[in-house]
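The values are calculated or read from the model by the stated rules, or taken from the named source; none is laboratory data. All values reported here derive from a predicted model rather than from experimental measurement. FYI the Cβ positions are ideal-geometry reconstructions off the backbone, even for glycines, and counts take in every protein chain you see. All accessible areas refer to the heavy atoms of the entire protein, side chains included, with ligands and DNA or RNA removed. Shrake-Rupley method; radii C 1.70, N 1.55, O 1.52, S 1.80 Å.
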Amino acid sequence: MIARIWHGWTKRADAKAYEEMLRTEIFPSIAARNIKGYHGAELFIREDGDEVEFATLLRFNSMDAVKEFAGRDETKPVIYPKAEALITRMEQARHYRIVIAR
């Protein structure tokens, strides 16, 4: 199993809107793509000075499934156009093998 972890930040004023977008639009649209090997998402939120940090964790069976989601450059963030206006900065996605899950 592969964990795809991505970090992005918004202004405090935009955090609620971005969280709602993730909950109601972005995560459901990822699930609707029916990518073979996709196993859901988790969202972590942390206040970070004048910004709010969003960390997403998406689970996949393999790097092939990750590439079906993200494209050839699997480290490139997948940002939905509506969300792009809310994000002040972001990191590349990182991928980890999940070795213990309970």
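Quick one: length gained pulling residue 67 to residue 97 fully straight, 0.36 nm per residue minus the C-alpha distance?
9.3 nm
Which aspartates and glutamates have a Cα less than 15 Å from the Cα of residue 36, not counting those fewer than 8 places away in the same chain?
64, 68
Lysines within cross-link reach of residue 11: Cα-Cα under 25 Å, excluding same-chain residues under 8 positions apart?
Candidates past the 8-residue exclusion: 76, 82.
Quickly work out the residue 48-to-residue 36 label distance, labels modelled 7 Å from Cα along the C-beta direction, and quote it in nm with one decimal.
Distance between the two pseudo-spin positions: 3.6 nm.
Per residue, how much accessible area does the stretch 1-56 show when a 1.4 Å probe rolls over the protein heavy atoms, in square angstrom?
Accessible area per residue: 55 Å².
Between 69, 44, 60, find the one with the highest GNM mean-square fluctuation for the chain; connect C-alpha pairs within less than 10 Å.
Per the Cα network of the chain with a 10 Å cutoff, 44 tops the list.
Pick the calculated Rg/Rh (Cα atoms, Kirkwood Rh) for this structure from (i) 1.23; (ii) 0.96; (iii) 0.98?
(ii)
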